[in-house]
Structures are given as structure tokens and as C-alpha cells.
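Q: For reference, the structure I am asking about is given below.
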Amino acid sequence: MSGRTLPGGLIAVLGFGLAFLYLPIVVLVAYSFNASSLVTVWGGFSTVWYGRLLHNPQVLHAASLSLQVGVTAASCAVVLGTLAAVALVRIRRFPGRLLLTGMVHAPLVVPEIITGITLLLLFVSMAQMFGWPRHRDAITIILAHITFCMAYVVVTVQPRIAGADMDLEEAAMDLGATRLRAFVDITLPLIAPALISGWLLCFTLSLDDLVISSFVAGPGSSTLPMVIYSKVKLGVSPDMNALASLVILLVAAGVAVAGWQMRRAETRRKKEGSVLF
């Protein structure tokens, strides 16, 4: 009896957890098609709020800025985070290893408001000492996002590099490849799923960040979360539901494409392995 009851209980708990996580998103997307200007009152099906959203210059500029910041910060964080992960895995002893490890993992545990304050003080001090950055704009936001996104890349990529077979690189170097060429041709494809996961995670975190961006952004460089927060403080409007639905669609599409690419790469790797053996 207990054996029959347990799976049902687990399924119920799983269903409750999924409903708790995704039911609010479903409700939000549904009410983005509400014809009424009152968020909690259903007035019929309509796409009017999507049309108004696409003609809102403030939202369009903020969305464009957030996408540019997210793509740039995620790409730079993947490169720098991968280099840091390679150093921590491949180089066992070097001066400052403990310091590097602490600095890499610090953004994971330090509260965002502390990170935002310290970055703001850094940029202000740099402007006074060197005259750069003269203004807080997209550049300062990108630098701030790279700072905390690198930690997530290192945590994602480091185990993958540690599990990669070094014998393959050594075999490639025996055949005449340089160490860099062996890493690019052998190890990089092996850790590609981790790189893709790290990039997507960084892009999502950058696109979602509000606290740090609020400290390092200047006039005219408001990101999408900052614009949404400023509007929501005055009351939730249906066009914000439409905007959130588009963001959800964008992130879901990115995750789906990345999952398809990772599955395709894994299938190709298995086929190549079966051919060799």
C-alpha cells in the first residue's frame, strides 16, 4: 500500500511545485491579452497592449540597451571566466591562487547592494583620478555585469574542464599541434555545453539585474528592469504584462535553441565515439 501511495504523493508534490512556479507566469501571459485597462478585471481578448508597447520609445530604448548589455556582458564573462577556470584547474600552484579563487567566488555570496555600492565608488574614484568614465552609461553597466557574471561562468565551466581528458590534448600535441591549437580543437568542443550554459545564465542574470544597474547607470541609460520597476511603483498596467510576456518568450526561445544545440552536439559526439570504437 505504501509503495502505491508514495509515487502518487511525489507526483502531487511535483505538480504543486510546478504550479507554484509556473502558474503565475501563465496568468501573467493570459492577462497580457486583456482588453481592459484594469489588470485584475478581464475585459475580453485583445492585443492592443502589445501594439502600444511597440510604440513606446522609452520601453524600446530600454529593451535595446538591455539586450546590448546582456549580449556583451555574457560574451565577455564567458571568455574571462573560462580563462580563470583554466588557470584554477590546469595550474595547481601559482602566486595569488587563493586570492583569485576568493575573488572569483565572492560575487556569489556578496549581496548585490554591496556590489553595487562598491562599483559605484570605484567608477567615481576612477573618474576623479583618470577622468574615465566621464559619465555612467552603458559601458559602466557592462563592466559591472561582467564583474558578477564571471563567477557563474567559472562555477559552470570549471568542473567541465576538470573532467576533460588531458590525454587527448597531449596526443594532439604529439602530432604537432601547439598547446593553444590543441585546447581550441580538442578541449573547447568538449566544454562547449558548459560554455553555452554559462552564456545563457549570464545573459539571463544581466537581463534581470536591477540593483547593481541602478547604482552604475546614469541619466539616459535605464535598463529594462529599471523602467519596469519605475512603472510598477505607480501601479501594474497591462502593457507591463505584455512586456513581461515578450521577455519570457525571448528567454524560453533562447533556452530551447541552446538545448537543441547541446543535444545535437552530444549526439554527434556519441556517433563519433561509436565510429572510433
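The values are calculated or read from the model by the stated rules, or taken from the named source; none is laboratory data. No experiment lies behind these values; they were computed from the predicted model shown. Using ideal geometry, Cβ is built from the backbone for each residue, glycine included, and neighbour counts are taken over all protein chains shown.
Q: Taking helices (runs of 4 or more DSSP H) that fall entirely within the stretch 1-94, which contain at least 3 residues that are farther than 29 Å from TRP199 by Cβ and either in contact (Cβ under 8 Å) with a residue 40 or more places away in the chain or charged (D, E, K, R) (or both)? Quick ask: steps written out before the conclusion?
A: Working: elements: 2-31, 48-54, 57-90.
Those helices (runs of 4 or more DSSP H) do not exist here; none qualify.
Q: Return the total of residues in the stretch 138-154 being without any contact (Cβ under 8 Å) to a residue 60 or more places away in the chain and surrounded by 19 or more Cβ atoms within 10 Å (Cβ to Cβ).
A: The total comes to 1.
Q: Checking VAL157 against (1) modelled with pLDDT of 90 or more; (2) buried (at least 18 other Cβ atoms within 10 Å of the Cβ); (3) within 23 Å of THR223 (Cα to Cα): exactly one of these is not met. Which one?
A: Every condition holds for VAL157 apart from (3).
Q: Which members of the stretch 184-196 meet the condition of being within 12 Å of THR82 (Cα to Cα), buried (at least 18 other Cβ atoms within 10 Å of the Cβ) and not hydroxyl-bearing (Ser, Thr, Tyr)?
A: ILE191, ALA194, LEU195, ILE196
Q: Now a separate question. The conditions are (1) buried (at least 17 other Cβ atoms within 10 Å of the Cβ); (2) modelled with pLDDT under 90; (3) among the small types (Gly, Ala, Ser), and ALA84 fails exactly one of them. Which is it?
A: (2)
Q: Tally the residues that are of a type in the set (S, T, N, Q) and modelled with pLDDT of 75 or more, restricting the search to the stretch 264-275.
A: In the first step, residues of the stretch 264-275 are kept if they are of a type in the set (S, T, N, Q); the result is 267, 274.
Checking the rest, the ones that are also modelled with pLDDT of 75 or more come to 267.
So the answer is 1.
Q: Just a yes or no: is a residue in the stretch 214-226 among the aromatic types (Phe, Trp, Tyr), out of contact with any strand residue (DSSP E or B) (no Cβ under 6 Å at 6 or more places or on another chain), assigned to a helix (DSSP H, G or I) and surrounded by fewer than 17 Cβ atoms within 10 Å (Cβ to Cβ)?
A: Our first condition is that a residue be among the aromatic types (Phe, Trp, Tyr); within the stretch 214-226, this holds for 215.
Those still in the list that are out of contact with any strand residue (DSSP E or B) (no Cβ under 6 Å at 6 or more places or on another chain) too: 215.
Imposing the further condition that a residue be assigned to a helix (DSSP H, G or I) reduces the set to 215.
In the following step, the residues that additionally are surrounded by fewer than 17 Cβ atoms within 10 Å (Cβ to Cβ) were identified as none.
Checked the stretch 214-226: no residue is among the aromatic types (Phe, Trp, Tyr), out of contact with any strand residue (DSSP E or B) (no Cβ under 6 Å at 6 or more places or on another chain), assigned to a helix (DSSP H, G or I) and surrounded by fewer than 17 Cβ atoms within 10 Å (Cβ to Cβ).
Q: Another one. Condition first: surrounded by 12 or more Cβ atoms within 10 Å (Cβ to Cβ) and aliphatic (A, V, I, L, M). Now tell me which residues in the stretch 21-37 satisfy that.
A: ILE25, LEU28, VAL29, ALA30, ALA35
Residue-wise test of (1) at pLDDT below 80; (2) exposed (fewer than 13 other Cβ atoms within 10 Å of the Cβ); (3) closer than 19 Å to ASP208 by Cβ.
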site: SER245; (1), (2), (3): no, no, yes
site: ALA256; (1), (2), (3): no, yes, yes
site: MET262; (1), (2), (3): yes, no, no
site: PHE277; (1), (2), (3): yes, yes, no
